[in-house]
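Comments concern the structure below.
Laboratory data are not the source of any read-out in this text; all were calculated from the coordinates shown. Everything quoted here is computed from the prediction, not taken from an experiment. Here the Cβ positions follow ideal geometry from the backbone for every residue, glycine too, while neighbour counts run over all protein chains shown.
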Amino acid sequence: MKWGAKYGPEYVNRLYGMVRRHLTGDFNFVCLTDDGHGIRPEVRCLPIPPLNLHLKPGQRDGAWKKLTTFEADLHGLRGTALFLDLDVVVVGSLDGFFTQPGEFLIIHDYPRFWRFGERIVGNSSVYRFELGAHADVLAHFRGHMAEVQREYRNEQEFLSRFLHRQGRLAYWPAAWCPSFKYHCIPAWPTNWWKPPFVPPDARIVIFHGEVNPPDALAGRRNKRFAHIEPALWVGEAWKA
């Protein structure tokens, strides 16, 4: 999914290249977007279904648009869909993401020491579902938009808890989708001389928060007093 100006077509093109190198057999690669200019011809560009968010002045729509992937009829698409955020880096085989048992699979969101209680929320950088099978998620959001946005911080929290109540939520094996900032950066102070690494059994590295793939490759962090060495493996993996 690509909208606005934050990510250019090169992100889509590189994502396609990584998927092609790491997924066996034929597949359809779809980008829901408001601008298909510059996207490689192997990618099928389709419009993002309207969500008609009720936003206050200055309020960002965040990732709520992701919920439109659950349309009952998403441009006539059928079959099993694996959703990938544009800024992930694929480093291993993707075949298992299509064979892992479960009705709806998502990353188990990364634990933080200040969280208490049962950890249910998933990180929606990578999720798998049957197209059209969870239209009730989107229907509920559209029918209770203001209430949902008051109760949940973002779309992944709403999505996870909605499907958890239905008994449909399952998680990828923890090693498959490590976080770059939590799992790939060496512990302080070795981060000042040791470069970020790919954890064992990683398949898709997730970039969330202050570091994106170009930052990791260049050895940049947007966090004061934080430091990383260049992650050269990003350049080897993140290419069209």
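Based on the Cβ-Cβ distance from Ala187 to Gln100, what FRET efficiency comes out when R0 is 30 Å, to the nearest 0.05?
E between Ala187 and Gln100, to the nearest 0.05, is 0.50.
Within segment 120-149, name every residue whose backbone N is under 11 Å away from a label modeled 7 Å from Cα of Ala63 along the Cβ vector.
From segment 120-149, the list is 122-127.
Would you please give the residues with an amide H less than 5 Å from that of Leu32, counting only those at least 5 places away or on a separate chain, with H modeled from the backbone geometry?
Residues meeting the criterion, in which the H sits 1.01 Å from N, are Lys2, Leu46.
Which net charge results for the neighbourhood of Pro186, defined as the other residues with beta-carbon distances under 15 angstrom from its beta-carbon, given Lys and Arg at +1 and Asp and Glu at -1?
Numbers: positive: Lys181, Lys194, Arg221; negative: Glu229.
Spelling it out: positives minus negatives among the neighbours equals +2.
Can you tell me the FRET efficiency between His140 and Asp34 if r is taken as the Cβ-Cβ distance and R0 is 30 Å, rounded to the nearest 0.05?
Efficiency for this residue pair is about 0.75.
Per the Cauchy relation, a quarter of the hull surface: what is the mean projected area of the convex hull of the alpha carbons in the chain, in nm²?
13.9 nm²
Report, to one decimal in Å, the Kirkwood hydrodynamic radius for segment 180-237 based on all distinct Cα pairs.
Mean inverse Cα-Cα distance, inverted, gives 11.4 Å.
At a Cα cut-off below 14 Å, give the aspartates and glutamates reachable from Lys223, other chains included and same-chain residues fewer than 8 away excluded.
Glu210, Asp215
From the backbone phi of segment 20-27, what are the Karplus-calculated ³J(HN,Hα) couplings (6.51 cos²θ - 1.76 cosθ + 1.60, θ = phi - 60°) in whole Hz, Gly and Pro given as x?
Couplings: 4, 6, 10, 10, 6, x, 7, 7 Hz.
List the aspartates and glutamates whose Cα sits under 14 Å from the Cα of Lys2, skipping any in the same chain fewer than 8 residues away.
Glu10, Asp34, Asp35, Asp61, Asp85, Asp87
Give the residue list of trypsin sites (Lys or Arg not before Pro) in segment 58-109 that are DSSP loop and have at most 15 other beta-carbon atoms within 10 angstrom.
Sites meeting the loop and neighbour criteria: Arg60, Arg78.
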